[in-house]
Amino acid sequence: MTMTFLISGPMLNSIMFFIAGYFVIGSYKKKGSSQFAKDRLIKLGIPYLFGLVILAPLAQYIANRSWGSNAGLIEFWFTDFFHPENIDLHHLWFIGILLLFSLISIPIIYRLQYWNVQAVGSDHHVPSRVYILFLALTFVLYYGMGFFYEPQVFISFYILYFSPVMLPVYAAYFALGIYASMKMWFTDEHTVRIFPWVIAYAANFLLYGGTMVIKDINPIEGAGNDPLLAFATNGMTFAGVMLLIALFKRFFNKRSDGMLRLSANSYNTYIVHYLIVYVVVYLMSAINIPTIGKYIFQVILCVFLSWIIATFLKERTPLRSWI
């Protein structure tokens, strides 16, 4: 699990921050700075606070019960969870950091006057130097923060919860998304080839795995601040982001009723899914079936239930004006 987290976590989070940055300018241009800030505070801030007070404690309580804790719900909720050393926002940390990035981007976009994307110019072919400079930047950020923290460590800062190693890297991907939107990357005229990114990801994956084996590094104890691991991690992350974009643009860039309904409620599904995952896994923990079969069934069931519950909250409750 730790290896899976170290490899896939940064890639998936990076692409979410990249996509969020990609659509910031369009939203800002449409709404203006004041309305954009208000909209972000409502759409991100209110669900984040709701998750902080309600969803995260419930999810952590279920997790603790599955690990053998006998603490009562009320006791855990009001006396244990909100201690700085105990707080764990799980997936909701992303919403809090995205809100922070969105608010910080307002004066930057205003200052640079990115009102007219077309006036900035476009590069349908991305220069190689952009890739090189970005990889160099993220390597420096990741490796530099690695002197102070392990990559898998999360810390709390007031109501924010984040990985200090990955935070500046995610900020870089958010900024890259803004730049990509300015340059009109991934439009109909811009082609992203799949095969080169497959090769790049595989090469960095082998470098990462080989370094772990040769240096006998235990990921559970921490990989330390190894420059090869830092290089391979950033290479895998960037190649993975570009590969996923290429795959989705190639095979899923089409309109259908199912995809529209799923995408229209994807944010709300993201908010509630972790609690559903914990409940399903906890209830199925005593069922003795093959692990792979149980995993596949749980994934399908959790996605379906999360989407159903999120749709209900959006369409049938007062929360529809906030989510």
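The values are calculated or read from the model by the stated rules, or taken from the named source; none is laboratory data. From a predicted model like this one, the values you see are computed outputs, not experimental measurements. Here the Cβ is made from the backbone with ideal geometry for all residues, glycine too, and neighbour counts use every protein chain on show. Accessible surface is based on the protein model in full, side chains and every heavy atom, while ligands, DNA and RNA are left aside. Shrake-Rupley method; radii C 1.70, N 1.55, O 1.52, S 1.80 Å.
The slack in the chain from PHE154 to GLU315, taken as 0.36 nm per residue of separation less the alpha-carbon distance, amounts to 54.5 nm. With a 1.4 Å probe rolled over the protein heavy atoms of all chains, the accessible area of VAL280, VAL198, VAL140 falls in the order VAL140, VAL198, VAL280, largest first. Distance between the 7 Å Cα→Cβ label points at ALA202 and ILE42: 4.9 nm. Using a probe of 1.4 Å on the protein chains alone, the accessible area found for ILE287 is around 80 Å². When the P(r) is computed for the range 271-316, the part past 18 Å accounts for 31% of the Cα-Cα pairs. In the assembled protein chains, TRP307 presents an accessible area of approximately 50 Å² (probe radius 1.4 Å).
Calculated FRET efficiency, TYR110 to PHE252, Cβ-Cβ distance, R0 = 41 Å: about 0.75 to the nearest 0.05. Among ARG40, ARG261, the order of accessible area from largest down is ARG261, ARG40, computed with a 1.4 Å probe on protein heavy atoms. Within the full protein context, the accessible area of PHE312 is estimated at about 120 Å² for a probe radius of 1.4 Å. Legend: distances between Cα atoms for LYS30/LYS249; LYS30/LYS183; LYS29/LYS254; pairs beyond 23 Å are LYS30/LYS249; LYS29/LYS254. In terms of accessible area, using a 1.4 Å probe and ignoring ligands and nucleic acids, THR138, THR187, THR79 rank largest first as THR79, THR187, THR138.
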